[in-house]
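Heads up, the thing below is written out as structure tokens.
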């Protein structure tokens, strides 16, 4: 792995990717909580068509957010998905320093 400072372009790109990652996570929070509520109260959700519609809408939002997360969380240097890492200093694929 490299020990030099990242290029300003790579560092700025990574900051934008990390900021978008946090934004996507916050957007996914509300639908995920509603899905958890629905799973534990499934009988009442099935009896109420509005709650059932909200459940399916929340499920669609979570799937869209997961796709956005997969498309966003890529190394700015090699453009490969970085995997399940939290705030990496180096790209786990190409070794480029990100921050």
Quick check: anything in region 40-54 surrounded by 12 or more Cβ atoms within 10 Å (Cβ to Cβ) and either under 22 Å from residue 82 (Cβ atoms) or under 24 Å from the mean Cα position of the chain (by Cα) (or both)?
yes
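What about residue 86, is it part of a helix (DSSP H, G or I), under 13 Å from the mean Cα position of the chain (by Cα) and either modelled with pLDDT under 85 or closer than 20 Å to residue 16 by Cβ (or both)?
No.
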Collect the residues in region 18-28 that are surrounded by 12 or more Cβ atoms within 10 Å (Cβ to Cβ) and more than 10 Å from the chain's Cα centre (by Cα), keeping them in residue-number order.
none
Positions within region 3-15 being touching a residue at least 12 places away in the same chain (Cβ under 8 Å), assigned to a loop (DSSP other than H, G, I, E, B) and surrounded by 11 or more Cβ atoms within 10 Å (Cβ to Cβ), in sequence order:
6
Return a yes/no flag: does region 71-80 have any residue that is in a loop (DSSP other than H, G, I, E, B), touching a helix residue (DSSP H, G or I) at 6+ places or on another chain (Cβ under 7 Å) and surrounded by fewer than 16 Cβ atoms within 10 Å (Cβ to Cβ).
no
Only one of 18, 58, 68 that is under 22 Å from residue 4 (Cβ atoms), out of contact with any strand residue (DSSP E or B) (no Cβ under 6 Å at 6 or more places or on another chain), in contact (Cβ under 8 Å) with a residue 24 or more places away in the chain and in a helix (DSSP H, G or I):
18
Mind checking which residues of region 49-70 are closer than 16 Å to residue 18 by Cβ and out of contact with any helix residue (DSSP H, G or I) (no Cβ under 6 Å at 6 or more places or on another chain)?
70
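The values are calculated or read from the model by the stated rules, or taken from the named source; none is laboratory data. Quick caveat: nothing in here was measured; it's all calculated off a predicted structure. Heads up, the Cβs are rebuilt from the backbone with ideal geometry, glycines too, and the neighbour counts pull from every protein chain shown.
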